[in-house]
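Notes follow once the structure below has been shown.
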Amino acid sequence: MFINRFPKMAALQKFRAIALGFNEEIAEAIGIAEATKYAIFKNLSYRRRREKEREYVTKKLKITPENLDVETFTLFKLQALNGLPFVGEKTYTSEDYNRAVFMKFGEEAGKKIEEWAKNIIDSCDKALLENEQKFFNECWKPHRDENPLKN
């Protein structure tokens, strides 16, 4: 079975968030939000993405930009809305993570994806995990095309 990059990134980011001190439920929400961020906004700067999200929140959700918290998930360059990661015009929860990793590929494949991701994160030092660019280049890029089901 072919596993695309999206669930692998989500799992990798989940275990990165856990290693950086977030609880599992929030870490899963961060994981799926980070995977979405990379998928949607890989060519947009953080500043431009924040501007687009603020515009959406103000016009569509009728929430002022002040409601977007930039401190909670600052390490991931994610905004938060009501305590959850906000990216791509929506908030993400652990249920979104479970849909992307476990429901789509099945329980056994989901566990292998998570095991693959945890092994990678366990091999990275904290300074690397705290720097998004270094994390992307040194933890994600070398492993992104691996098949977690063959490990």
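The values are calculated or read from the model by the stated rules, or taken from the named source; none is laboratory data. Since the structure is predicted, the reported quantities are computational estimates derived from the model, not experimental observations. For neighbour counting, all protein chains shown are included, and Cβ atoms are generated from backbone atoms with ideal geometry for every residue, glycine included.
Tell me yes or no: at least one residue of the stretch 45-53 is modelled with pLDDT of 80 or more and of a type in the set (Ser, Thr, Tyr).
No, every residue in the stretch 45-53 fails to be modelled with pLDDT of 80 or more and of a type in the set (Ser, Thr, Tyr).
I'd like the residue in the stretch 97-151 that is among the aliphatic types (A, V, I, L, M) and without any contact (Cβ under 8 Å) to a residue 24 or more places away in the chain and, out of all such residues, is surrounded by the most Cβ atoms within 10 Å (Cβ to Cβ).
Filtering the stretch 97-151 for residues that are among the aliphatic types (A, V, I, L, M) and without any contact (Cβ under 8 Å) to a residue 24 or more places away in the chain, the one surrounded by the most Cβ atoms within 10 Å (Cβ to Cβ) comes out as LEU128.
Give the residue that is farthest from PHE73 (Cα to Cα), with candidates limited to residues of the stretch 2-42 that are touching a helix residue (DSSP H, G or I) at 6+ places or on another chain (Cβ under 8 Å) and β-branched (Val, Ile, Thr).
ILE3
Conditions first: (1) modelled with pLDDT of 90 or more; (2) buried (at least 22 other Cβ atoms within 10 Å of the Cβ). VAL87 passes all but one, so which condition is the exception?
Going through (1) modelled with pLDDT of 90 or more; (2) buried (at least 22 other Cβ atoms within 10 Å of the Cβ) one by one, VAL87 breaks only (1).
Which residue is modelled with the lowest pLDDT, if the candidates are limited to the stretch 1-44 and must be among the basic types (Lys, Arg) and closer than 20 Å to TRP116 by Cβ?
Here is the first cut: in the stretch 1-44, the residues among the basic types (Lys, Arg) are 5, 8, 14, 16, 37, 42.
Narrowing further to those that are closer than 20 Å to TRP116 by Cβ: 5, 8, 14, 16.
Numbers: ARG5: 89, LYS8: 94, LYS14: 97, ARG16: 97.
It comes out as ARG5.
Listed residues ALA117, ALA109; which is within 13 Å of the chain's Cα centre (by Cα) and part of a helix (DSSP H, G or I)? Working first, answer last.
Working: ALA109 fails: within 13 Å of the chain's Cα centre (by Cα).
Testing whether each residue is within 13 Å of the chain's Cα centre (by Cα) and part of a helix (DSSP H, G or I) leaves just ALA117.
Among the numbered criteria (1) in contact with a strand residue (DSSP E or B) (Cβ under 9 Å, 6 or more places away or on another chain); (2) touching a residue at least 12 places away in the same chain (Cβ under 8 Å); (3) surrounded by 15 or more Cβ atoms within 10 Å (Cβ to Cβ), which one does VAL70 miss?
(3)
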